Structures are given as C-alpha cells and as structure tokens.
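Note sheet for the following structure.
Just so you know, all these numbers are worked out from the coordinates, no wet-lab data involved. Computed from a predicted model, the values in this text were never measured in an experiment. All Cβ positions, glycine included, derive from the backbone under ideal geometry; neighbour counts span all protein chains shown.
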Amino acid sequence: MEVIFLRHGQTNLNGKGYIATKKDYPLNEKGKEQCLNNVFPPNSFNCVYCSPYKRTIETSRLVYPYLEPVIFSNLKQRDLGDLNEKLKKDYSIEYLKAVREYIINPKNAETLQDIMERLNLFIEYIKLHHDNNSRLLVVTHNGIMRIVKKFYMNENNNIDSENLGQFTMILKK
C-alpha cells in the first residue's frame, strides 16, 4: 500500500512566529494557488484522508477534487498545551528544540505517546480497510509528518515539510 503524506497549503498563520495554535485557519490565496498548481491527476488515489482542520480539508479538495476526503481526527496537529498561541521569539532555541524532539513536554500538551497512539490507530484503520494495492493520500500537518518520518520510517534528515511538501510511505498488511 502506498500512502502519500502531504502537508496542507499556506495559511495566514504561516510565518507569523507562533509555536503552535489551536486556531483553525483556512488556506490563504497563496495556499489555494499552491494547491491548484499541484493537482494530482484523476485515478491517482483510492481514498483521501485529512485532519479535521479547514486548511487540510481545503487542501484535500483542491489537490484531488475527484474524491471527497475522509476526515480523521487522529491526523490533527499536536496540541502544545500552554505553548498554544505563544510566539517562538519569547523562548530559547534550545527549549523549542527540546519540545520539538519530545525531550520536554509543555504543560497540558499532548505527549509523543498520545500522538503515537492516535497515529497507530489510523495506520491500523487503513491497513484494515485497504489492500496492498491501494494508493492513499493523507493531508495533514508538519508535526504529524515529522513523527511519521522519524518513528515509522526511521528518517531523521529533512523531517520538516514545506507547505504542500510530501513523502511516500509503503505499508503492508
């Protein structure tokens, strides 16, 4: 089974310096344009999954308008608890790196174990509902993609994805 992970298009929040936010921003005009310039051809995927955020739903519908996405809450971005709505400039680079690498878990934030549990449920779901010949598109967030690369694919290089950045993971039942 081929699973293409795709990061959502640009929003007005990208580049504003926030560590994380719970705000549900839609794509901005540049994000919509990014998507329209990267439409997958018809019959590329058997199914499309995305997180429940506006930006991933919009991205899904624009890059692959042939199938309605299945919204899967397990694909939502990490909740960083007390760091939500905070600016990166107010924290040291070392602290932010430790949070990003799950060495430090901010107060009220999801732990790596929490995220891995929900991603494991998603992986088991797609294995159960799709055969080895399936090709799936998963539209999600940079943090989720980082975890998939590092912990499911053992990749430590280039673990960040730009808007509409993508990679492929091969799964077998």
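Using the Cα atoms of the stretch 110-159 to build a convex hull, what is its mean projected area in square nanometres?
Details: hull surface 16.0 nm².
Reported value for the Cα convex hull: 4.0 nm².
Under 4 °C and 1.567 mPa s, how fast does the stretch 2-170 diffuse according to Stokes-Einstein, given a Kirkwood radius computed over C-alpha pairs? Answer in µm²/s, whole number. Before the final figure, lay out each step's value.
On the way: Rh = 16.5 Å.
Estimated via Stokes-Einstein, D reaches 79 µm²/s.
If the only charges are +1 at each Lys and Arg Cβ and -1 at each Asp and Glu Cβ, what is the size of the charge dipole of the chain around the Cα centre, to the nearest 20 debye?
Values: 25 positive and 20 negative charges, 29 e Å.
The dipole magnitude comes to about 140 debye.
Place a +1 charge on the Cβ of each Lys and Arg in the stretch 11-112 and a -1 charge on the Cβ of each Asp and Glu, then give the dipole magnitude about the Cα centre in debye, rounded to the nearest 20. Don't skip to the answer; put the middle values down first.
Numbers: 16 positive and 12 negative charges, 39 e Å.
I would put it at about 180 debye.
Calculate the spin-label point distance for ASP24 paired with LYS86, positioning each point 7 Å from the Cα along the beta-carbon direction, and give it in nanometres.
2.5 nm
Loop only by DSSP, 14 or fewer other Cβ within 10 Å of the Cβ. Give me the trypsin sites (Lys or Arg not before Pro) in the stretch 50-152 that pass, ordered by residue number.
On the way: sites: LYS54, ARG55, ARG61, LYS76, ARG78, LYS86, LYS88, LYS89, LYS97, ARG100, LYS107, ARG118, LYS127, ARG135, ARG146, LYS149, LYS150; in loops: LYS76, ARG78, LYS86, LYS107.
Of the trypsin sites (Lys or Arg not before Pro), the ones in loops of the stretch 50-152 whose Cβ has at most 14 other Cβ atoms within 10 Å are LYS107.
Using just the C-alpha positions of the stretch 60-119 as equal point scatterers, what log10 of I(q)/I(0) does the Debye formula give at each q in 0.15, 0.21, 0.29 1/Å?
These q points yield log10 I(q)/I(0) values of -0.60, -0.85, -1.24.
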